[in-house]
Ligand code: DGJ
């Protein structure tokens, strides 16, 4: 890409004019990082730096020497034909060129941090582009996005490319870490050196963008990715629909162009209309991938999800326990059992609704959100009463964006589903599932009313599991006019966001889980309205190690629902002990997904102890800082991770035997998260036999030893499917 050479020349000129004129050099800083942009009235703006924190006074020595990091903040199509573009439009007269000149800038602070707003106007045509840069207070995350306004009086401006960001990343020995997957196998991590050319991370499914490639990715700057060393750029588009991130790699430069996937999504901007792109969030770490993850976790809890500062309840979900065979009696029994184990919440999953078409299989009933009185004669009230009797909270499953063609809803409103009118409907799950047309305000009202009715009629409901088991198959909106049909992928999500805004305005406190056939929506596009996501329908503890490892690169443990299920596992058939299953689930937001009635007395006794122990470390796991210690991908027979509080006084360490060959070396686990100057008392949280805890239990060890020499776990992890969950507390020796 030749852009770099020109940009360098421009930047060299700019550097002279910008230096010394503080109104033209803008340094946005967080605790540890800075983003530097230079502007000139009537011209373009340029990135100068994104990296470890610098002061305003450092700028003087900076210009002119940083020769591999600079770029136009909005590379636009038309005047220069080379290179990747963040913005390309077609004006009503057919002209496809843009010439943006900065007209004004505004910098201010708000409750989220600092905001730099640059306003550009095309020199000839009626397009105003506002570009925003935000530094999020108390985190090391920045973001950028654009707002495009047609200021003309007649004719639409077609948006052909409308990225949120075009960010340069320092070119060196760059490696890409990305996460891709499928149902039951989400967030699989892959790491490769970036060759010259282009890497594209993208999704086109419409609704579940995390099933393909998760929008979160990292670029290591100086060599093979490391957990705790080296500079790493982390980026994530805050959008749950189709997205595209292009990583354009040239000899001397890397540009990350990220935004809504514009393929088959042409937007027509009518006179007076404004289009806002989603935010692209990014961070820059000098502490390897772990630093990127900790920055995103902190940011996620504070800004990127609902109630990220709240401890989550330990729950039992009915799905794998009884599937759709719910009824008053069995729900009551399960509530009693989870209460007896020390759990705090019961969630009734799929199967509770439908009148004319009872939901006994996945072939019918979505859309008919009335209680099936055959299964639940006392209605939801009977269930909330039972929960009260057992001293726990109650939650319920819905899939509000969907219908089955076998439903009263579809019979009444066939025009409420995405469809193509003159073509037969492609139908998804159960052979009858279709997607509602959330572009239509009447459908938005209906989808809002599902949650609203449940919560107004049953204010005791404390938790909702919001599922989504389809992608957009029948591309067509019966509601949108023909010249807006190309906007469905975007308008659907805007409609969904409106519904969620209304739900959150009226029910700010209810906990809502984001589920999409498992982790299909494990992204920050929708998390701002949700408390957590269902990490995967695959509850096999061994495979969960990999899935949770992948998700942990961007999403904090408090957002990752992780449930103990039956053995043999329903998805993989794997048989692993209850301790291993708990030790894996306890490293996230612990829950259970099993019929307790079918558990052995030993399993129940263990579960009770493990739940009590989890309560002791819950604040550290859910709200603490995570250190990934040994990767399951390393094939070193052991995987390990830890969490520690901000003061490094309280920690939880998890270690798992992932492979077994007799008398082979078991790696030492170096605890990167502890304070070298403190001493820690170790406690075995989940001994299989409480009389015989791990040999590490009760030991007091210096943080320096734990960091440098590490824990020797060869005795505790000496056999297949063995694991450890340890609590560390700082003590005076
Ligand atoms: C898919 C979800 O991921 C499962 O947990 C469960 O809720 C089913 N849907 C119910 O149909």
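Nothing in this text is a laboratory measurement; each read-out follows from the coordinates by a stated rule. As the structure is a prediction and not an experimental result, all values here were calculated from the model. Backbone-built Cβ (ideal geometry, glycine too); neighbour counts: all protein chains shown.
Where does each of 259-267, 357-365 land if you order them by average Cβ count within 10 Å, highest first? Working shown, then result.
Details: 259-267: 18.4, 357-365: 20.0.
Most protected by this proxy first, the peptides run 357-365, 259-267.
From most to least packed by mean Cβ count within 10 Å, the peptides 295-305, 709-719 give 295-305, 709-719.
Counting neighbouring beta carbons within 10 Å and listing from fewest to most, the residues 641, 341, 436, 115 come out as 115, 341, 436, 641. When the Cα gyration tensor is reduced to axis lengths a ≥ b ≥ c, the ratio a/c is 1.5 or higher for segment 428-476, and with a/b not above b/c it is classed as oblate. Working from Cα pairs under 8 Å separated by at least six residues, relative contact order for the chain is 10 percent. Using the Cβ-Cβ distance between residue 302 and residue 662 with R0 = 41 Å, the FRET efficiency computed as 1/(1 + (r/R0)^6) comes to roughly 0.30.
Got the relative contact order for segment 478-548 handy, in percent, Cα pairs under 8 Å and 6 or more residues apart? Provide the component values of the computation, followed by the final result.
Numbers: 51 pairs, mean separation 16.5, N = 71.
Computed value for segment 478-548: 23 percent relative contact order.
Placing a label point 7 Å from the Cα of residue 605 along the Cα-to-Cβ direction, the residues of segment 671-702 whose backbone N falls under 12 Å of that point are 688-692. Apply the a/c threshold of 1.5 to the C-alpha gyration tensor of segment 368-494 and tell me whether it is rounded, prolate or oblate. Prolate shape, in that a/c is at least 1.5 and a/b is the bigger ratio.
Computed from the C-beta positions of residue 355 and residue 504, the FRET efficiency with R₀ = 35 Å rounds to 0.75.
At 0.36 nm per residue, and after removing the present C-alpha to C-alpha distance, how many nm does the segment from residue 264 to residue 700 gain when stretched out fully?
So the chain would gain 150.9 nm between residue 264 and residue 700.
To the nearest 500 deg cm²/dmol, what mean residue ellipticity at 222 nm is calculated for the chain from DSSP H runs of n ≥ 4 alone, each contributing -39,500 (n - 2.57), summed and divided by the residues?
-6500 deg cm²/dmol
Which of 118, 366, 726 has the fewest other C-beta atoms within 10 Å, and how do the rest follow up to the most?
So the residues, fewest neighbours to most, are 118, 726, 366.
Placing pseudo-labels 7 Å out from each Cα toward the beta carbon at residue 426 and residue 110 gives an inter-label distance of 3.9 nm.
As a calculated quantity, the FRET efficiency between residue 597 and residue 370 at R0 = 30 Å, using C-beta atoms, amounts to about 0.60.
So, by mean Cβ neighbours within 10 angstrom, what's the order for 535-546, 414-425, 569-580 with the highest one leading?
So the peptides 535-546, 414-425, 569-580, ranked by packing, come out 535-546, 569-580, 414-425.
The overall shape of the chain, judged from the alpha-carbon gyration tensor, is oblate: a/c is not under 1.5, and a/b is no greater than b/c. By the beta-carbon count within 10 Å of each Cβ, the least crowded to most crowded order of 445, 646, fewest first, is 646, 445.
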